Amino acid sequence: GNSVTQMEGPVTLSEEAFLTINCTYTATGYPSLFWYVQYPGEGLQLLLKATKADDKGSNKGFEATYRKETTSFHLEKGSVQVSDSAVYFCALIQGGSEKLVFGKGTKLTVNP
Amino acid sequence: SQTIHQWPATLVQPVGSPLSLECTVEGTSNPNLYWYRQAAGRGLQLLFYSVGIGQISSEVPQNLSASRPQDRQFILSSKKLLLSDSGFYLCAWGEGVSYTGELFFGEGSRLTVL
């Protein structure tokens with residue numbers, strides 16, 4: 001079945017550090033890939049997405065590139081801020097499915 | 001604009017008691033509706049989803065159930081809670097999810113079973 005594996009957290013960084021959160025997936029065919037973010041005490045919200053190989057999703061300084069050859073969708077940001085502290089979820093959806101499959105989430109804490 | 005409301009926000013219940021969590025969506029018609037549970041160390045687990053009134057798909061066998069009595073209302077229930085039912089429950093809606101993959105989440109209900 002379809003699955004998403006993302007790096008275990010928690011991740012703790014200083015402000016302005018470079019961020020990478022790894023995500024790999026297992027799926028039949030060519031899924032669409034997503035990163036969702038959950039700020040403390042809130043529900044999840046879509047951060048960025050990519051629907052086909054080599055697409056790059058970007059939003060709020062975050063980027064992720066759909067790599068079919070490595071089945072990966074790693075999240076990156078060049079300079080994190082304290083306000084980026086949250087839990088980040090990688091997810092996929094298979095074409096024709098109504099169900100999003102999420103990874104376990106990676107908690108990021110950014111210290112000033 | 002569309003909004004999603006979920007309540008109660010916090011709930012503390014004894015083992016064996018019943019549960020009812022309610023979710024309503026405004027500003028859209030015939031959305032897909034979802035219940036997810038977020039438990040410590042286990043990530044986000046899909047419990048139920050619905051593509052229409054009275055249509056419920058169960059993803060995980062357990063003592064929980066879901067119902068969709070109206071187009072924009074989704075209810076999560078249990079007749080007898082277990083300790084393992086503790087967690088953060090999130091309701092979500094989406095349209096054309098198979099194409100967009102975008103879900104809009106409520107703010108969650110934190111359930112503690114004692």
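The values are calculated or read from the model by the stated rules, or taken from the named source; none is laboratory data. Every value quoted in this text rests on a predicted model; they were computed, and no experiment measured them. Positions of Cβ are generated from backbone atoms using ideal geometry, with glycine treated the same way; all protein chains shown enter the neighbour counts.
Residues checked against (1) at pLDDT 95 or above; (2) β-branched (Val, Ile, Thr); (3) under 13 Å from the mean Cα position of the chain (by Cα):
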| residue | (1), (2), (3) |
| --- | --- |
| B:41 | no, no, no |
| B:49 | no, no, yes |
| B:54 | no, no, no |
| B:59 | no, no, yes |
| B:67 | yes, no, yes |
| B:75 | yes, yes, yes |
| B:78 | yes, no, yes |
| B:87 | no, no, yes |
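Within the range B:13-54, the set of residues being surrounded by 18 or more Cβ atoms within 10 Å (Cβ to Cβ) and either aliphatic (A, V, I, L, M) or over 26 Å from residue A:37 (Cα atoms) (or both) comprises B:19, B:21, B:25, B:33, B:44, B:46, B:47. Taking every residue in the range A:96-112 that is more than 7 Å from chain B (Cβ to nearest Cβ) and pairing it with any residue that is crowded, with 20+ Cβ neighbours inside 10 Å and charged (D, E, K, R), at least 6 positions away or on another chain, the pairs with Cβ-Cβ distances below 8 Å are A:108/A:84; A:110/A:84. Do we have residue A:61 as over 22 Å from residue B:38 (Cα atoms), among the small types (Gly, Ala, Ser) and away from every other protein chain (no Cβ under 11 Å) here? Considered against the rule, which asks whether it is over 22 Å from residue B:38 (Cα atoms), among the small types (Gly, Ala, Ser) and away from every other protein chain (no Cβ under 11 Å), residue A:61 comes out as yes. Looking only at the range A:20-53, which residues are surrounded by fewer than 16 Cβ atoms within 10 Å (Cβ to Cβ), within 11 Å of chain B (Cβ to nearest Cβ) and among the charged types (D, E, K, R)? Hit for the range A:20-53 is A:42, nothing else.
Note on the range B:43-63: among residues that are within 23 Å of residue B:113 (Cβ to Cβ) and in contact (Cβ under 8 Å) with a residue 24 or more places away in the chain, the one that is nearest to the other protein chains (Cβ to nearest Cβ) is B:44.
Condition check for residue B:28 on (1) away from every other protein chain (no Cβ under 11 Å); (2) farther than 15 Å from residue B:103 by Cα: one failure, at (2). The set of residues from the range A:76-104 being more than 22 Å from residue A:28 (Cα to Cα) and not basic (Lys, Arg) comprises A:76, A:78, A:79, A:80, A:81, A:82, A:83, A:84, A:85, A:86, A:87, A:88.
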